[in-house]
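One structure is given below, encoded as structure tokens.
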Amino acid sequence: MSGVRVLVGTRKGAFILTSDGKREHWDIAGPYFGGWEMYHLKGSPADPNRLYASQSTGWFGQMIQLSNDGGRTWEPVGNKFVYDGVAGTHQWYDGTPHPWEFKRVWHLEPSLTDPDTVYAGVEDAGLFRSTDGGQTWRELPGLRGHGTGPRWQPGAGGMCLHTIILDPSDRQRIFIAISAAGAFRTDDGGETWLPINRGLRSEFLPDPVAEVGHCVHHVAMHQSRPGVLFMQKHWDVMRSDDAGDSWREVSGNLPTDFGFALDVHAHEPDTIYVVPIKSDSEHYPPEGKLRVYRSRTGGDEWEPLTRGLPQSDCYVNVLRDAMAVDSLDSCGVYFGTTGGQVYASSDAGDHWAPIVRDLPAVLSVEVQTLA
Amino acid sequence: MIRVVLPAHLRTLARAGGEVELEVDGLATQRSVLDALEARYPMLRGTIRDHVTQQRRPFVRFFGCGEDLSHESPDAPLPEAVASGAEPFLLVGAIAGG
């Protein structure tokens, strides 16, 4: 029987929420790693019982945890993330050079085909890969080394590599995004990288259309159409139809074009979801109304989805990795909030209900659709 | 025999009990004790001191015999009472954060 497993990372531990295909009743397991910041958990597409988790604290640093039984049991694997060669410098908040320093793993992206291969996006921004189930990690230095690295700068949350997208049609192609450097693409398996930020406009930069420096919050792609990318930038929702070579704004009628989370419907490549958030420092929903906005036209035209979501006095945020979809026939959409709620819709966003209401602040949500 | 007390999170991580007993070859120093600890519990590598620089992580402190030993040289001899096992070597997570 089909079902779903929702992997939730929070500021104080991880939780695993499971349900059958109806998605009406949920079992909640956890906290796992209570007290630790769980930036991200994700399952291997090639082996759904193989999960990877990023576990960290300011006291004891970074751990990577691995499960081979769908999250029931875990074992720590390698946590040695050392930049390749001379780490060099990037820009600090005040514009001065600052040495690259490893802080944490923001995002883990398992290979589409090999359960033992997994990528890690880290702060300070870099991309690492393990081919032995997380035991050892090696940086793909071509990303930091391609030339613009000294001009990258941290966003308010740190200089993090937070998005990793593996192209299912071309195993040599990977997209990544960094706050605040922008989006990048490799076409040779990570050896060399190109900034793909043409069309982005960021008024906070001296040159608003600079090659790098853009605060990209999240990027998403539909597996069936890997040349089309959607981006939630610090301001602006963007779309590319040429694998990032150029972008155009599709914010349309959104109440605010600021936000963090964005995802694509599992079966409709032109149906996309965002959660507009009030900027620049408030970081809560406009008018205290938690609304997911859906576009069925790949952007430009958006409709608010409100049924089951609080429409008054709601001041939570939805972070960049805290939205996901399942691939059941009626696509499920999920997101977590900094107030500790995880909301789910089993009808593509028309109706919502909380799975849980009182978790620690949610950092990430991933969904596995189980056969 | 050296007695080491780990903070709760590291005990959980290492699946160790309240106190860890270690045999240390040669002089008992912070470095030799941590080397022995990490040899027994490899998952603790990087959690107490940096993988590369081997410097103590900022929010971890080393106590023994009622003294803060955190700023002693990693190669300085530990107090005799710690080296003999009469007193434990305490690894402490700083009270900080939220």
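Just so you know, all these numbers are worked out from the coordinates, no wet-lab data involved. Computed from a prediction, not measured in an experiment: that's the story for all the values here. A quick note on method: Cβ atoms are made from the backbone with ideal geometry, for glycine too, and the neighbour counts reach across all protein chains shown.
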Quick one: grab the alpha carbon gyration tensor of region A:304-371, order the square roots of its eigenvalues as a ≥ b ≥ c, and give me rounded if a/c is under 1.5, else prolate or oblate depending on whether a/b is larger than b/c.
oblate
Considering all projection directions equally, how large on average is the shadow of the alpha-carbon convex hull of region A:58-331, in square nanometres?
15.2
I want to check the label-to-label distance for A:ASN253 and B:THR53. Put each point 7 Å from Cα in the C-beta direction and report it in nm to one decimal.
5.5
Say a paramagnetic label sat at a point 7 Å from the Cα of A:ASP270, along Cα to Cβ; which residues of region A:277-298 have their backbone N under 18 Å from it?
A:294-298
Highest GNM mean-square fluctuation, chain A, Cα pairs closer than 10 Å: which of A:ASP94, A:ASP84, A:ASP167?
A:ASP94
Packing-ranked peptide list from A:168-176, A:291-299, A:231-239, highest mean Cβ count within 10 angstrom first, is A:231-239, A:291-299, A:168-176
Potential extension, A:ALA29-A:GLU191 segment - 0.36 nm per residue separation minus Cα distance:
54.3 nm
At 222 nm, what value in deg cm²/dmol follows for the protein assembly as shown if DSSP H runs of at least 4 each add -39500 (n - 2.57) and the sum is divided by all its residues, to the nearest 500?
-1000 deg cm²/dmol
Expected sort for A:191-200, A:121-130 on mean C-beta neighbours within 10 Å, highest first, is A:121-130, A:191-200
Under 16 Å from a label point 7 Å along Cα→Cβ of A:ASP114: give me every residue in region A:145-167 with its amide N that close.
A:166-167
Counting partner chain Cβ atoms within 10 Å of every residue's Cβ in B:39-47, what's the average?
4
Let me make sure I get this right: for region B:2-93, a, b and c are the square roots of the gyration tensor eigenvalues over alpha carbons, sorted descending. Under 1.5 in a/c it's rounded, otherwise prolate if a/b > b/c, else oblate. Which is it?
rounded
Within 10 Å of the Cβ of an average residue in B:85-96, the count of other chain Cβ atoms is 1
Antiparallel DSSP beta bridges within chain B, as percent of all bridges there, nearest 5
85
Taking R0 as 30 Å, what FRET efficiency do you get between B:MET1 and B:SER70 from their Cβ-Cβ distance, rounded to the nearest 0.05?
0.85
I'd like the mean, over residues of A:54-61, of how many other protein chain beta carbons sit within 10 Å of each residue's own Cβ.
6
Once phi is turned into θ = phi - 60°, what whole-Hz ³J(HN,Hα) does the Karplus curve with 6.51, -1.76 and 1.60 give for every residue of region A:320-326, x standing for Gly and Pro?
4, 9, 9, 9, 7, 10, 9
